[in-house]
Amino acid sequence: MAPDMKIGVLALQGAFIEHVAVLRQLGAEATAVRLPDQLGKLGGLIIPGGESTTILKLMQSFHLILPLRKLAQAGLPILGTCAGAICLAREVLDPEMNTLAVMDIAVRRNAFGRQIDSFEMGLPIPALGDEPFPAVFIRAPVIERAGPQVEILARLPSGVPVACRQGKLIAAAFHPELTDDLRLHSYFLQMVSSSDRRGLHGTVRHSAPGTQMV
Ligand code: GLN
């Protein structure tokens, strides 16, 4: 990866420390980001798991919604895990929520109900190799609908999608940062390395206060 290529981890709430640790373990330069100014020059961004309502509320307070949406649309590689995946989705079902709305997917929050609201399973993710991925689901969402540009990366045995990719955006319903398996982060870093950053930055300079979620 280019030496100046930093990966930001959105550090408003949730499991951001763990993502920073994994990225550093993989030799990437990782930095916690909270403010629009810090988005400039990032090569990629991770939106962690946590509580999507809180994360989105804080994104709005910190005037991050519009700059993040513009960066995603301009091709900044973004990995959203669990609540982070919810933030990326165009649609949240029942109840609806305002999100970044940059991936053509509809997600259902807390889709596993109370009994098994946390579990770990060996999840086949062909893009990461033959070995199943130890996927940790914590009050996780599922992907209920995905548009034609969305590639499904992983499905539960029932067939329900739990990870997908659209261009440079990845949504995963589980927590890859809570296991020793670094393959999803490596996959993301490879995507960052192969991305063309021209035209990416300059999109966030005018991150004006007062930006509204729409
Ligand atoms: N249930 C949370 C939400 O709806 C997500 C949980 C998580 O990120 N582990 O935002």
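Restricting to the chain, compute how many DSSP beta bridges are antiparallel as a %, nearest 5. Roughly 45 percent of the beta bridges in the chain run antiparallel, per DSSP.
Taking trypsin sites (Lys or Arg not before Pro) across region 106-161, the ones in a DSSP loop with at most 10 further Cβ atoms lying within 10 angstrom of their Cβ are 114. Annotation: Cα Rg of region 46-92 relative to the compact-globule expectation 2.2 N^0.38 Å equals 1.05.
In the chain, the DSSP-assigned H stretches of four residues or longer account for a calculated mean residue ellipticity at 222 nm of -6500 deg cm²/dmol, using -39500 (n - 2.57) per stretch and the full residue count as denominator. Take the Cα radius of gyration of region 66-180 and divide it by 2.2 N^0.38 Å, N being the number of residues; the result is 1.00. Cβ-Cβ distance of residue 145 and residue 53, R₀ of 22 Å, FRET efficiency by 1/(1 + (r/R0)^6): the value works out to about 0.55. Fully extending the segment from residue 35 to residue 114 would add 25.0 nm, taking 0.36 nm per residue of separation and subtracting the current Cα-Cα distance.
Reducing region 132-172 and region 1-71 to their Cα centroids gives an inter-centroid distance of 20 Å. Note on the chain: dipole from Cβ charges, positive end direction compared against 169, 133, 72; the farthest Cα belongs to 72.
Remark on residue 111: its backbone amide H falls under 5 Å from those of 140, 142, a criterion applied only to residues 5 or more positions apart or on other chains, H modelled at 1.01 Å from N. Surface composition of the chain: carbon and sulfur atoms hold 51% of the protein heavy-atom accessible area at a 1.4 Å probe.
Assuming 1.002 mPa s and 20 °C, estimate D for region 1-63 with Stokes-Einstein, Rh taken as the Kirkwood radius over Cα pairs, in µm²/s. It comes out at roughly 180 µm²/s. Using the Cβ-Cβ distance between residue 160 and residue 183 with R0 set to 22 Å, the FRET efficiency from 1/(1 + (r/R0)^6) comes to roughly 0.55.
Computed with a 1.4 Å probe over protein heavy atoms only, the accessible surface of region 18-151 comes to 44 Å² per residue. In a simple Cβ point-charge model (Lys, Arg +1; Asp, Glu -1; nothing else charged), the chain has a dipole of about 660 debye relative to its Cα centre. P(r) tail for the chain: Cα pairs beyond 29 Å make up 17% of the total. Largest first, the three principal axis extents of the alpha carbons in region 73-112 are 31, 16, 13 Å in whole numbers.
The values are calculated or read from the model by the stated rules, or taken from the named source; none is laboratory data. Keep in mind that this is a model prediction, so the values were computed, not measured. A quick note on method: Cβ atoms are made from the backbone with ideal geometry, for glycine too, and the neighbour counts reach across all protein chains shown. Note: areas computed on protein heavy atoms with side chains; ligands, DNA, RNA excluded. Shrake-Rupley method; radii C 1.70, N 1.55, O 1.52, S 1.80 Å.
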